Amino acid sequence: MDLVSLNLQRGRDHGLPSYVEYRRLCGLADISDWRGLANNVQNAELVPRLQRLYRNIEDIDLFLGGMMERPARGALLGPTFQCIVADQFKRLKFADRFWYEESGHDGAFSEGSILKITLFMSLCSGNSTLLFAHRSSGGDSREQSRENNLRQRRQHSTRAAFGVQAGRRNVSSFGRNNRE
């Protein structure tokens, strides 16, 4: 399978702007002729080939033009792809109201609350099935395994809600002594 041709076709299918048009959108220097393109690519010898494939410089596909660009100093990407990646990260960060640096709204995290969270806490709070993965003895059916798993989850939830630890006496949040 040819990944480059797949990416070119995918870009066309999704209606992505051309390489030259995307450079304009990013505020980069405009490329208006083939000589200007030769100054921005890693291998200027490929420009005559592009001239045979594309009638107009405005038709060059974004993926192909971006892959041919000379990388910025100390980077792997050229300026057009850097613009795209930076835009994606900006959107990811500022569109997420729970991003740890965002504040001033209900449910916002404080820096102190973020620093208190451990990997264990994030794994356990996000996926309680990891805590209660049922080990089948070989005789349990899937339905029995599912029921056992649900029963263990309910017990865990109840213990957490009332401050009860397995097999120990503990004072619940209501002030009564509980024993399991």
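Where a number appears in this text, it was derived from the coordinates with a stated rule and is not lab data. Given the structure is predicted, the values throughout are model-derived calculations rather than measurements. Backbone-built Cβ (ideal geometry, glycine too); neighbour counts: all protein chains shown.
Here are a few things to note about the model shown:
- Projected onto their three principal axes, the Cα atoms of the range 28-86 cover extents of 31, 19, 18 Å, largest first.
- Note, ³J(HN,Hα) from phi for the range 75-90, Karplus 6.51, -1.76, 1.60, rounded to Hz, x at Gly and Pro: 10, 9, 10, x, x, 5, 5, 4, 4, 5, 5, 4, 5, 5, 5, 4
- Distance between modelled label sites at residue 4 and residue 123, nm, 7 Å Cα→Cβ extension: 4.2
- A Förster distance of 22 Å, applied to the separation of the beta-carbon atoms of residue 95 and residue 24, puts the FRET efficiency at 0.35.
- Ranked by the mean number of other Cβ atoms within 10 Å of their residues, highest first, the peptides 4-17, 50-63 come out as 50-63, 4-17.
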